[in-house]
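Some notes on the structure that comes next.
Since every read-out is calculated from the coordinates, none of them should be taken as a lab result. Quick caveat: nothing in here was measured; it's all calculated off a predicted structure. Positions of Cβ are generated from backbone atoms using ideal geometry, with glycine treated the same way; all protein chains shown enter the neighbour counts.
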Amino acid sequence: MSATRALLGGCCRVTRATGRRLAGSPGTPLRDKAGWLRSLSARYSSGPEDRDMRRYLSAHYNETKRSIDEIIPSISSNMLNPKAIFSNNEMSLEDIEIYGFDYDYTLAFYSKDLHNLIFNTARDLLINEHRYPNELRRYEYDPDFAIRGLHYDVHKALLMKIDSFHYIQLGAVYRGFEVVQDSEVIEMYQGSHVPLEQMSDFYGKSSEGNTLKQFMDIFSLPEMTLLSCVNDYFLKNNIDYEPVHLYKDVKDAIRDVHVKGLMYRAVEADIERYICYGEKTRAVLAKLANHGKKMFLITNSPSSFVDKGMNFIVGKDWRDLFDVVIVQADKPNFFNDKRRPFRKVTNRGVLLWDKINQLEKGMIYKQGNLFEFLKLTGWRGSKVLYFGDHIYSDLADLTLKHGWRTGAIIPELKYELTIMNTSQYIQTMAWLQGLTGLLERMQVYRDPESQMVLHDWIKERQELRDKARRIFNPRFGSIFRTDHNPTYFLRRLSRFADIYMESLSCLLNYNVHHTFYPKRTPLQHEVPVWSDQQYPGTFGIPFLQEIAHLK
């Protein structure tokens with residue numbers, strides 16, 4: 001990670017307000033440091049106690065602001081590439097012999113019309129089959145409401161964002177479309193921490209003992225919005241209801257959109273409206289085929305849906321590119337259930353009863369299980385790289401139980417990286433980090449006047465955090481970060497994906513021998529000395545100056 005990006009990432013502390021290098025700073029040889037510390041202590045031994053504290057703290061504030069403004073151009077010149085592939089784990093493509101793919105949101109990308117279709121169809125099912133009020137038709141899908149990775153409290157009907165340490169992000173908890181006050185959240189949960197036993201299970205699902213459902217699927221965005229719409233209607237009309245029933249009904253309606261084939265038939269009838277043309281998808285597959293790589297497809301979608309979509313995206317010869325094609329796999333059960341055998345599917349979608357002794361190229365198979373797949377193909381271990389968009393259903397079992405390498409497709413990444421390259425974001429985050437470092441050092445002053453100044457800084461810091469959140473999404477912010485911690489979504493992404501990118505097209509920017517190296521980001525107890533060398537005095541040893549004052 002570069003020094004400027006380390007600043008925005010929050011790993012480094014701004015610890016010297018002057019912006020000038022202290023004699024004998026971390027670049028000084030070890031034998032000279034004892035003398036340097038003594039001289040530093042003597043230099044500040046008078047302390048600020050004989051000065052006006054407000055003027056003293058304001059001077060530090062202004063100098064830190066100036067120092068941050070000076071490095072903004074350097075940060076702005078170090079733009080992030082939205083087409084890059086990011087690595088959680090070192091991995092060489094040279095070792096990969098077999099490439100596997102999910103279909104939805106991996107090979108096929110959909111227009112915004114698809115989420116409108118899912119929302120409207122599920123809403124109408126609630127009205128027509130579950131007898132919900134007809135007035136719900138007034139609600140329309142809002143693509144800017146929810147983000148992926150949110151949790152929903154089934155019993156309290158609350159949609160919220162949780163960080164990697166199971167803490168709720170205050171200010172991002174919603175009942176319907178109304179934000180829940182921090183004090184109410186803290187009262188309901190006896191703080192802002194959610195115990196592990198209340199979290200969703202391994203696959204992000206809630207059960208009777210797990211009250212929080214996590215929405216990890218891109219297809220879940222309409223579900224979250226519909227849940228909030230129904231909650232909003234009942235609350236505004238003072239209708240007494242059981243939140244568990246509402247959650248179950250909405251979940252069943254969304255499920256029926258898929259299970260009953262309503263979505264599949266609508267997309268097949270109007271491919272060009274719902275599926276984005278996949279010129280680059282074909283280019284990726286052709287590149288891998290030309291380098292002798294074997295390829296397979298494992299998807300939960302049905303045969304005709306996949307066939308028509310791939311004809312549109314890749315061409316009628318799409319099956320020639322794949323060594324194995326498996327549909328209606330029922331992931332994640334596909335990775336764990338050893339009982340279900342494969343069945344061959346004809347071009348007309350008819351299931352044959354033949355015993356499957358080999359998986360033939362050009363044929364389509366239904367169901368089956370991974371253990372039989374491994375037996376028939378011999379494709380085991382780290383020579384296999386599988387891509388999918390669902391971190392749990394697609395990737396978790398493969399990396400934990402079977403040792404495959406995994407790649408996560410995160411379409412939101414492009415949007416967020418584009419925002420992170422804007423001057424508004426860079427300036428907001430740079431000053432947020434500078435102000436945080438200033439607060440960290442100056443909190444040692446406990447006199448009333450200093451505390452008043454520090455209170456103003458704390459208020460400004462919260463305003464900056466709120467502003468940074470709204471830049472990404474007005475309600476929930478970034479899918480990757482809460483105010484200061486990674487989100488629970490990112491924690492699982494880091495655990496189950498070796499690499500991640502916004503689309504498969506990013507592979508076109510790398511050759512098939514490329515090695516991905518994760519960046520060595522500094523730990524909290526590590527001093528990022530390279531930053532101190534590039535920007536003298538901006539980063540350094542925490543508290544050193546103020547400790548000298550107190551001594």
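Within the same chain, aspartates and glutamates fewer than 8 places from residue 459 are excluded, and of the rest, those with a Cα less than 17 Å from its Cα are 182, 440, 449, 483. Put simply, when 506-513, 446-453, 141-148, 483-490 are sorted by average Cβ atoms within 10 angstrom per residue, most first, you get 483-490, 141-148, 506-513, 446-453. Evaluating 6.51 cos²θ - 1.76 cosθ + 1.60 at θ = phi - 60° for every residue in the stretch 369-381, the Karplus couplings come out as 8, 5, 5, 5, 4, 5, 5, 7, 9, x, 7, 10, x Hz, glycine and proline recorded as x.
The residue 283 and residue 97 beta-carbon pair, evaluated with R₀ = 25 Å, returns a calculated FRET efficiency of approximately 0.75.
Approximating the spin labels as points 7 Å out from Cα along Cα→Cβ, the residue 346-to-residue 236 distance works out to 5.3 nm.
Could you give me the ³J(HN,Hα) list for the stretch 408-416, computed from phi with Karplus coefficients 6.51, -1.76, 1.60 and θ = phi - 60°, whole Hz, x at Gly and Pro? Karplus values, whole Hz, x for Gly and Pro: 9, 9, 10, x, 5, 4, 4, 4, 6. For residue 349, the shell of other residues with beta-carbons less than 14 Å away shows a net charge of +4, using +1 for Lys and Arg and -1 for Asp and Glu. Extension gain for the segment residue 466 to residue 260, taken as residue separation times 0.36 nm less the Cα-Cα distance, is 70.0 nm to one decimal. Here's the picture: a label point sits 7 Å out from the Cα of residue 138 along the beta-carbon direction, and within the stretch 234-251 the residues with their amide nitrogen under 19 Å of it are 234-241. Assign one of three labels to the stretch 254-300, namely rounded, prolate or oblate, based on the Cα gyration tensor with a ≥ b ≥ c the square roots of its eigenvalues; rounded applies when a/c is under 1.5, prolate when it is not and a/b is larger than b/c, and oblate otherwise. Taking the square roots of the gyration eigenvalues as a ≥ b ≥ c, the stretch 254-300 is oblate. Axis of helix 279-290 versus longest Cα principal axis of the chain: the two differ by about 80°, to the nearest ten degrees.
Spin-label pair residue 83-residue 509: with each label point 7 Å from Cα along the Cα-Cβ axis, the two points sit 0.7 nm from one another.
Rounded to the nearest Hz, the phi-derived 3J(HN,Hα) couplings of the stretch 251-257 under the Karplus curve 6.51 cos²θ - 1.76 cosθ + 1.60 (θ = phi - 60°) are 4, 5, 5, 5, 4, 5, 4, where x marks glycine and proline. The residue 330 and residue 52 beta-carbon pair, evaluated with R₀ = 56 Å, returns a calculated FRET efficiency of approximately 0.20. When peptides 459-469, 130-140, 251-261 are sorted by average Cβ neighbour count within 10 Å, with the highest value leading, the order is 251-261, 459-469, 130-140. Between residue 338 and residue 270, what is the label-to-label distance in nm when each label sits 7 Å out along the Cα-to-Cβ direction? With each label point 7 Å from Cα toward Cβ, the separation is 4.8 nm.
Remark: the chain is approximated by an ellipsoid whose semi-axes, taken from the C-alpha gyration tensor as √(5λ), come to 49, 31, 19 Å, largest first.
Pairs exceeding a 19 Å alpha-carbon distance, out of 251/414; 156/213; 280/331; 83/308; 65/414; 308/338: 251/414; 280/331; 83/308; 65/414; 308/338. Taking a ≥ b ≥ c as the square roots of the eigenvalues of the Cα gyration tensor of the stretch 313-445, is the shape rounded (a/c under 1.5), prolate (a/b larger than b/c) or oblate? Judged from the Cα gyration tensor, the stretch 313-445 comes out prolate (a/c at least 1.5, a/b above b/c). Using the beta-carbon distance between residue 76 and residue 375 and R0 = 51 Å, what value does 1/(1 + (r/R0)^6) give for FRET efficiency, to the nearest 0.05? It comes to 0.40. Distances between placed amide hydrogens fall under 5 Å for residue 150 paired with 215, all partners being 5 or more residues away or on another chain.
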